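Asks: Quick one: structure below, then a few questions.
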Amino acid sequence: MFAQENAIFGIVAPAVHKLRKDLLSPLFSRRAVLGLEPLMQSKVDKFCIRLSERYDKGKASNLFFGYASMAVDIINEFCYGRCPEGLEALSDDTFESPLVMSTRHSINWTLWVYREFWWIRELVVNLPERLVNLFTPSNTWTVVMMNSLENMVDDMLRNPSVCKESSHPTIFGRFLNCDVSGGQRLLLRETLIQEAMGFIMAGSIELSSALAYGTFHVLNDPKVHQRLIEELVVAFPDPNNAVSFEILERLPYLTIVSTSAVYSHLDEFVYPGSNQFRPERMAYMELYMAFANVFRRFDMTIHETTSGDFKWKEYFGPGFVGRPLHAFTKPRAEYRAGSH
Ligand code: HEM
């Protein structure tokens, strides 16, 4: 369905899946994820600067795309140690960068067809691009994403040492075996491209949906909003000096807000074990940090978005069908964006 047969997301054979999972597990231990905190905080800070700039222009922000921009830049840095050349999603305050638009538009009705009829997908991938674009205009975005990911993978294959230069271990560093002696390549180019596609989709779509959904419901209920702000003001007194995830994860109300945004992940039956490979652990850190910083730093009001905009269609994960969440993001008096 997602052209992920050889990537961790789609591998069916348990033995092969286990090998890939074992390769990545060290990057998803609690300790390793805590090591990503400076990276995440820097992206959250940048996102807050963009929200502030947008407000100064008198404009509402597209928070859904904004969260997606933050998530895309985080997952790219986690995968490659950098954002693809010229494709940093948080580079402007419209949040409509090519990677955000392409991840969002790749989730469409064609997935339903491909899920039921795998051979149609095989047919389509072999058709000329212009023909495919005719009946699915959003394919132009998928092509943008594929091209940039292919360039990224080729770049890393040409010069695998770049993944050693990052301040934290990277997913492609593991795939390219950079941090294991011998420097031997483990995966074929085509598999690496599938992994690149899988990680950018997995790392941005569910997360931005959860963040937008959670933000809307907090803002839409003044009592919930007030309670969250009260808790954050005590735990996070100066919004210019971020507090650590280890403090945030102990806040009871922030925990309720963050976990309510992704119900299924609360279920110990579905995600048992604290030492196993759980990408969602990283996602929790992003959720806590984004919610805490955005709510603490901005006095937000929903702009022309209603609960009806959160009606969703099932595309493996939920895809909202309405207008993406928009809000005016007024910086609180004590917050000076960019000062930290
Ligand atoms: C709120 C955010 C997220 C949600 C709700 C979510 C949800 C899911 C779900 C339901 C699955 C399928 C699990 C299964 O088949 O048992 C999954 C798998 C996966 N997710 Fe996420 N995810 C989120 C964030 C992320 C992030 C940030 C990453 C990347 C770092 C990621 C990478 C993956 C990968 C690689 C798999 C396949 C794991 C495997 O097959 O072993 N996800 N996710």
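Asks: On full extension of the chain, what length is gained from LEU127 through LYS59, given 0.36 nm per residue of separation minus the C-alpha to C-alpha distance? Provide the component values of the computation, followed by the final result.
Replies: Working: separation 68, 0.36 × 68 = 24.48 nm, distance 4.19 nm.
Value of the extension gain: 20.3 nm.
Asks: Going 7 Å from the Cα of SER339 along its beta-carbon direction, which residues of segment 226-255 have the amide nitrogen within less than 13 Å of the resulting point?
Replies: Residues passing the 13 Å test: 238-242.
Asks: To continue, here is another question. Which ³J(HN,Hα) values, rounded to whole Hz and listed in residue order, are derived for segment 235-251 from phi using the Karplus coefficients 6.51, -1.76 and 1.60 in 6.51 cos²θ - 1.76 cosθ + 1.60 with θ = phi - 60°, glycine and proline given as x?
Replies: My calculation for segment 235-251 gives 6, 9, x, 10, x, 7, 10, 4, 9, 6, 4, 5, 7, 4, 5, 8, 7 Hz in order.
Asks: Where does each of TRP141, TRP312, TRP119 land when they are ranked from fewest to most other beta-carbon atoms within 10 angstrom?
Replies: TRP119, TRP312, TRP141
Asks: If neighbour count is taken as other Cβ atoms inside 10 Å, put VAL72, VAL224 in order from fewest to most.
Replies: VAL224, VAL72
Asks: For the chain, set up a Gaussian network in which alpha carbons nearer than 10 Å are linked by springs, and say which option among LEU287, LEU157, LEU207 fluctuates the most.
Replies: Among LEU287, LEU157, LEU207, the largest GNM mean-square fluctuation belongs to LEU157.
Asks: Angle check, please: helix 63-80 long axis (alpha carbons) against the longest principal axis of the chain (alpha carbons), in degrees 0 to 90, nearest 10.
Replies: 50
Asks: Further question: Only Cα pairs within less than 10 Å get springs; with that Gaussian network setup on the chain, which residue of GLN41, GLN226, GLN194 has the largest fluctuation?
Replies: For the chain, modelled as a Gaussian network with Cα springs under 10 Å, the answer is GLN226.
Asks: Give the long-range amide H neighbours of ASP299: residues separated by 5 or more places, or on another chain, with amide H under 5 Å away, using H modelled in the peptide plane at 1.01 Å from N.
Replies: Residues meeting the amide H criterion: LYS330, ARG332.
Asks: Can you tell me how segment 111-172 classifies by the Cα gyration tensor, rounded, prolate or oblate, using a/c under 1.5 as the rounded cut?
Replies: Note, shape of segment 111-172 comes out prolate.
Asks: Right, here's the next one. Which is the longest run of the chain containing none of the GluC sites (Glu not before Pro) found in DSSP loop states (not H, G, I, E, B) with at most 16 other C-beta atoms within 10 Å?
Replies: Longest run free of exposed loop sites: 166-248.
Asks: Taking a temperature of 10 °C and a viscosity of 1.306 mPa s, what whole-number D in µm²/s does Stokes-Einstein yield for the chain with Rh from Kirkwood over alpha carbon pairs? Each step should come with its number before you reach the end.
Replies: Numbers: Rh = 20.9 Å.
Translational diffusion coefficient: 76 µm²/s.
Asks: Considering all projection directions equally, how large on average is the shadow of the alpha-carbon convex hull of segment 1-70, in square nanometres? Let's see the in-between values first.
Replies: On the way: hull surface 27.4 nm².
The Cα convex hull of segment 1-70, projected and averaged over all directions, gives 6.9 nm².
Asks: Is segment 66-224 best put as rounded, prolate or oblate by its Cα gyration tensor, with a ≥ b ≥ c the root eigenvalues, rounded for a/c under 1.5, and otherwise prolate when a/b is larger than b/c, oblate when not?
Replies: Note, shape of segment 66-224 comes out oblate.
Asks: Take the chain, connect every pair of alpha-carbon atoms lying under 10 Å apart with a spring to form a Gaussian network, then pick out the residue of SER25, SER209, SER258 with the largest mean-square fluctuation.
Replies: Comparing SER25, SER209, SER258 in a Gaussian network model of the chain, the most mobile one is SER25.
Asks: Tell me the angle of helix 139-158 to the major Cα principal axis of the chain, expressed in degrees between 0 and 90 and rounded to the nearest ten.
Replies: It works out to around 70 degrees.
Asks: Could you state, as a whole-number percent, how many of the C-alpha pairs of segment 80-121 are farther apart than 14 Å?
Replies: Summing the P(r) of segment 80-121 above 14 Å gives 61 percent of all pairs.
Asks: In nanometres, what is the gap between the two model label sites at VAL16 and ARG332, each 7 Å from Cα along Cα-to-Cβ?
Replies: 5.1
Asks: Okay, next question. Counting other Cβ atoms within 10 Å, which trypsin sites (Lys or Arg not before Pro) in segment 1-101 have at most 12 and lie in a DSSP loop?
Replies: Sites meeting the loop and neighbour criteria: LYS57.
Asks: Moving on to the next point. Figure the gain on full extension for SER307 and ILE120 (residue separation times 0.36 nm, minus the Cα-Cα span) and round it to one decimal in nm.
Replies: Difference between extended and current length: 63.8 nm.
Asks: For SER61, enumerate residues with amide H under 5 Å from its amide H, sequence gap 5+ or separate chain, H modeled in the peptide plane.
Replies: ALA327, PHE328, THR329
Asks: How large is ³J(HN,Hα) for each residue in segment 199-208, as worked out from phi by the Karplus curve 6.51 cos²θ - 1.76 cosθ + 1.60 (θ = phi - 60°), to whole Hz, x for Gly and Pro?
Replies: 6, 5, 5, 5, x, 10, 5, 5, 5, 5
Every read-out reported here was derived from the displayed coordinates using simple, explicitly stated rules and does not represent laboratory data. Here the structure is a predicted model, which is why all the values come from computation and not from measurement. Here the Cβ is made from the backbone with ideal geometry for all residues, glycine too, and neighbour counts use every protein chain on show.
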